[in-house]
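Notes for the one structure printed next.
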Amino acid sequence: SEEGMVLKFAQGWDRRRGRGGGDTPSKDSSQTTKEESGSSPHPRAHGERESVRFRTAPRGFKQPPRKPYRGDDSIDGVRIVRSDEELRSLVDESRAKGTKLFVEFGTAWCEHCKGMVPAMAALGRAHRKHTFAVADVFHTPVVSERVVYTPTFWVYDRGVKVDQLIGSDVQNLKDRAWLHLS
């Protein structure tokens, strides 16, 4: 039965911890356990119940309400790309207008990627003629399939990829922008 298995496991647990619990093996007088030497094998006090790792939720427990999506992630100077089609349209727009397009590929959990967005926004505000965009690699899987490290920056000139920058060095990004926008 299930209760018998649990009881046998508990007895075995007690035996492994040196607490008795059924037929305990005999010990030499030279062997001492931690309990006999005075220090407890567990940080809890003697006689305290063993803690339960996972407890079931109480009957009246309700999950907290999900927070609604913010909706507006717009940042002045940067376009937030949400799909492969949107990124392709930006590349086509760059080709049609004859302008440059800077795209940062990153992820939502990457702290370095998030740290580069203000630098991209500053460059976007300084160079209004050109487009600066931020794309999540999970939202643009087809276009970003060759992105290995995040953040990765791609530079398009008239719809053609001409440069790539990897890493979160703000000065390096500014220098690369200066090189392409001058």
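The values are calculated or read from the model by the stated rules, or taken from the named source; none is laboratory data. Treat the numbers as computed from the prediction; the structure is a model and nothing was measured. For neighbour counting, all protein chains shown are included, and Cβ atoms are generated from backbone atoms with ideal geometry for every residue, glycine included. Surface accessibility is based on the protein's heavy atoms, side chains included, excluding ligands, DNA and RNA. Shrake-Rupley method; radii C 1.70, N 1.55, O 1.52, S 1.80 Å.
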Would you pick out the residues in segment 158-182 that are of a type outside the set (A, V, I, L, M) and part of a helix (DSSP H, G or I)? Q171, N172, K174, D175, R176, W178, H180
Count - residues of segment 129-157 that are touching a strand residue (DSSP E or B) at 6+ places or on another chain (Cβ under 8 Å), closer than 13 Å to S94 by Cα and not in a strand (DSSP E or B): 1
Kindly evaluate A122 against the criterion of being in contact with a helix residue (DSSP H, G or I) (Cβ under 8 Å, 6 or more places away or on another chain), surrounded by 15 or more Cβ atoms within 10 Å (Cβ to Cβ) and closer than 18 Å to D76 by Cα. no
Taking segment 97-119 and keeping residues open to solvent by 80 Å² or more (accessible area, probe 1.4 Å), closer than 22 Å to V148 by Cα and not in a loop (DSSP other than H, G, I, E, B) leaves E111, H112, K114
Do we have R158 as touching a residue at least 60 places away in the same chain (Cβ under 8 Å) and open to solvent by 80 Å² or more (accessible area, probe 1.4 Å) here? yes
Within segment 138-150, the count of residues that are touching a helix residue (DSSP H, G or I) at 6+ places or on another chain (Cβ under 6 Å) and either modelled with pLDDT of 95 or more or surrounded by fewer than 20 Cβ atoms within 10 Å (Cβ to Cβ) (or both) comes to 1
S94 fails exactly one of the following numbered conditions: (1) in a loop (DSSP other than H, G, I, E, B); (2) crowded, with 17+ Cβ neighbours inside 10 Å; (3) small (G, A, S). What is the number of that condition? (1)
